[in-house]
Amino acid sequence: MVERTPILNFFTHVILFLGFVVAVAPLAIVAIAASHNLADVNRVPMSLIPGTDFWVNLKTAWTTANLGPKLLNSLIFAGGVAAGKVILSALTAFSLVYFRYPGRHLIFWLIFVTLMLPLEVRIVPTYAVAANVLSPYQAILDVTGISWLIEKVSGIQVSLELGLLNSYPGLILPLVATATGTFLYRQFFLTVPDELTEAARMDGAGSLRFFIDILMPLSRTNMAALGTIMFLWAWNQYLWPLLVTTDPSHATAVTELKQLIPNIGGLPEWHIAMAGTLIVMLPPLAVVVLMQRWFVRGLISTEK
């Protein structure tokens, strides 16, 4: 056990205070810049005394980037990705732990290896699938000669096409698979006593009933932690939404911040850009504040 002494407590609080300053200082500078006018924000060095144009800049950023519908798109996108990852990873881990079939350990390690493949590495094939979900099936028909045979017999040319670009499914579905969530659920499911499984089986509970009524309630903290992490991850995504949403009506708030980038040849309007950044930061900040207790319990709790 670590001994508590006045000197140790003092240095501990100094370290915590320094960490707090390092974490909060950039946010404070952004907020101060968002309160200045055009002349003050471009002055070198910029004054660290807050200005008087904070609410005016927020309103300008809101209207310039049309952040209202864009924030709604981001909420749908991030919420859909988080929910999909939580549900899919739980089902995958349930299959790997509670069903005995050949190759399940190999499947787990193949899933685990994908942790080394970030989205940017697989962006091209992922985009190709989103552009035409049925393209793999079309390739199978072409390689096996079935499409040629159908065309010869009936004169109908088989062309399977189903695009998901500029749609919520196209934004969400390609990102719902997660090795992190599968690993988290698998490790938790392995700690569930076998007696609990046997008791459920003796009571006549099937696999789906056991999963929904027993495992899911026990996994609430894990679900909260994973859902919070994945919501923040999806909210901050820039490359994927930018790639699949050429229609501005499906653009997310993060990608639309580019509308506030200073114009070339003019004075940079950093005060408007910083105000827009603050607006976009509010929803994930609210999620972290609301889910903080469950998030911490999901990461460190050992009582299941």
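Among the residues of segment 262-284, count how many are surrounded by 13 or more Cβ atoms within 10 Å (Cβ to Cβ) and at pLDDT 70 or above. Total satisfying the criteria: 16. Beta carbons closer than 6 Å, at least 6 apart along the sequence or on distinct chains, pair a first residue in segment 50-78 that is under 24 Å from Ala234 (Cβ atoms) with a second that is surrounded by 15 or more Cβ atoms within 10 Å (Cβ to Cβ) and of a type in the set (D, E, K, R) for Ala65/Glu256; Lys70/Glu256. Quick check on segment 46-64. Is at least one of its residues touching a Leu at 6+ places or on another chain (Cβ under 8 Å), in a helix (DSSP H, G or I), surrounded by fewer than 19 Cβ atoms within 10 Å (Cβ to Cβ) and of a type outside the set (A, V, I, L, M, F, W, C)? Yes, segment 46-64 has at least one match. Show the residue pairs meeting these rules: Cβ distance below 6 Å; 6+ apart or different chains; first residue within segment 203-224 and closer than 24 Å to Gln292 by Cβ; second residue not small (Gly, Ala, Ser) and not in a helix (DSSP H, G or I). Cβ pairs passing all conditions: Leu218/Lys304. Within 25 Å of Gly51 (Cα to Cα), of a type in the set (Ser, Thr, Tyr) and in a helix (DSSP H, G or I): does that describe Thr277? Judged against the criteria, Thr277 is a match. The single residue among Thr178, Thr144, Thr114 that is farther than 27 Å from Phe231 by Cα and of a type in the set (S, T, N, Q) turns out to be Thr144.
Within the set of pairs 6+ apart or on separate chains, which have a first residue in segment 86-99 that is closer than 13 Å to Met223 by Cβ, a second that is outside any helix (DSSP H, G or I), and C-beta atoms under 6 Å apart? Partner pairs satisfying both residue conditions: Leu88/Val176; Ser89/Thr178.
The values are calculated or read from the model by the stated rules, or taken from the named source; none is laboratory data. Please read all numbers here as calculations on a predicted model, not as lab measurements. Every residue, glycine among them, receives a Cβ derived from its backbone with ideal geometry; neighbour counts consider all protein chains shown.
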